[in-house]
Amino acid sequence: MTGGHSGRQAYTGVPRWLYALAVLAALVVVLPLAAMVARVNWANFIPLVTSAPALAALGLSLRTAAASTALCIVLGVPLAVVLARGRFPLLGLLRSLVLLPLVLPPVVGGIALLYTFGRQGLLGSTLEVLGLQIAFSTAAVVLAQTFVALPFLVVSLEGALRTGGQRYEAVAATLGASPGTVFRRVTLPLVLPGLASGAVLSFARSLGEFGATLTFAGSLQGVTRTLPLEIYLQRETDPDAAVALSLVLVAVAVAVVALAYRRPGGRGPDGKAGKQASGERPTTAAAPGGALT
């Protein structure tokens, strides 16, 4: 090092052999996608992706993915805060159970949901008496997507909470702020980038959900047949349509993931983007006597 400025520069050296392995890793993902693009029947691409079944499936996928993402935010934010800030027995077990859908085959999640909300399920019979039938309905699609997508938001937000630390929250508490005020005025603004990234990834996971949806919701056109299910059915009868619809789903997924992993100002989606993560104190309003309002 020749000076303080050079000592603060980020280390960018990468061994050449790592580049070779990185190229191989990229080919594992990119090559199948390129093969699919080469297989597309471009002459009939527009008619294939604008057919009535395709548009109905795409519209249903977008609506249910948006609904499940909203449900993930409502349920996942409190859960992530409890996992990151809570101190109680069996916290590790709770975290393991919450993250279980990340490693379970989706069809297993669909079976679990079916035996919970189905007609003969744990809660299904009670709901049936109340006139609510969840299995094999659009609500079942949303629940299946939420089941598999919720861990993505929880992991992203819990990581942002742990990275951000608790110093600003501790200062706000010493100024007389209640836990609810600290959460609303300090915690949420600090982790907003992580929350946004988690929500986008949850949306992407919901959009591509297949196994749990098929098992728990079935495949009823206009009701539960999302775009992945439409692609699966078209694969048997019209391979060209299946490939065209697959390309549409890939394009939407790429756009969603690119949005989640954009790098504003040279920073990644790890909850550190923005002024607050770079060391600036969060904006809070102080009442007379120093208490936050």
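The values are calculated or read from the model by the stated rules, or taken from the named source; none is laboratory data. Here the structure is a predicted model, which means the values were calculated and not measured. Cβ: placed from backbone, ideal geometry, glycine included. Neighbour counts: every protein chain shown.
Values for this structure:
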read-out: Cβ-Cβ under 9 Å pairs, at least 6 apart or on other chains, the range 18-41 side part of a helix (DSSP H, G or I), far side hydroxyl-bearing (Ser, Thr, Tyr); value: Met36/Ser246
read-out: Lone qualifier among Ser68, Ser96 - being under 25 Å from Glu209 (Cα atoms), touching a residue at least 24 places away in the same chain (Cβ under 8 Å) and not charged (D, E, K, R); value: Ser68
read-out: Residue match in the range 150-171 (condition: within 30 Å of Thr215 (Cβ to Cβ), of a type in the set (Phe, Trp, Tyr) and surrounded by 22 or more Cβ atoms within 10 Å (Cβ to Cβ)); value: yes
read-out: Helices (runs of 4 or more DSSP H) lying entirely in the range 187-293 (those with 3 or more residues that are closer than 24 Å to Pro47 by Cα, within 23 Å of the chain's Cα centre (by Cα) and at pLDDT 90 or above); value: 227-237, 239-260
read-out: Ala139 more than 16 Å from the chain's Cα centre (by Cα) and crowded, with 16+ Cβ neighbours inside 10 Å; value: yes
read-out: Test for Arg162: is it farther than 24 Å from Arg95 by Cβ and among the charged types (D, E, K, R); value: no
read-out: Subset of the range 67-89 (residues that are surrounded by fewer than 14 Cβ atoms within 10 Å (Cβ to Cβ) and within 18 Å of Phe152 (Cα to Cα)); value: Val74, Pro78
read-out: Selection from the range 197-225 of residues that are in contact (Cβ under 8 Å) with a residue 40 or more places away in the chain, surrounded by fewer than 19 Cβ atoms within 10 Å (Cβ to Cβ) and either in contact with a Cys (Cβ under 8 Å, 6 or more places away or on another chain) or not β-branched (Val, Ile, Thr) (or both); value: Phe210, Gly211, Gly218, Leu220, Gln221, Gly222
read-out: Matching residues in the range 174-186 - criterion: being of a type outside the set (Val, Ile, Thr) and either assigned to a helix (DSSP H, G or I) or on the phi > 0 side of the Ramachandran plot (or both); value: Gly176, Pro179, Gly180, Phe183, Arg184, Arg185
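Here is a yes/no grid of residues against (1) buried (at least 16 other Cβ atoms within 10 Å of the Cβ); (2) of a type in the set (Gly, Ala, Ser); (3) under 21 Å from Leu207 (Cβ atoms); (4) modelled with pLDDT under 95:
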site	(1), (2), (3), (4)
Leu91	no, no, no, yes
Arg95	yes, no, no, yes
Leu102	no, no, yes, yes
Val108	no, no, yes, no
Ala112	yes, yes, no, no
Gly121	yes, yes, no, yes
Ser125	no, yes, no, yes
Gly131	no, yes, no, yes
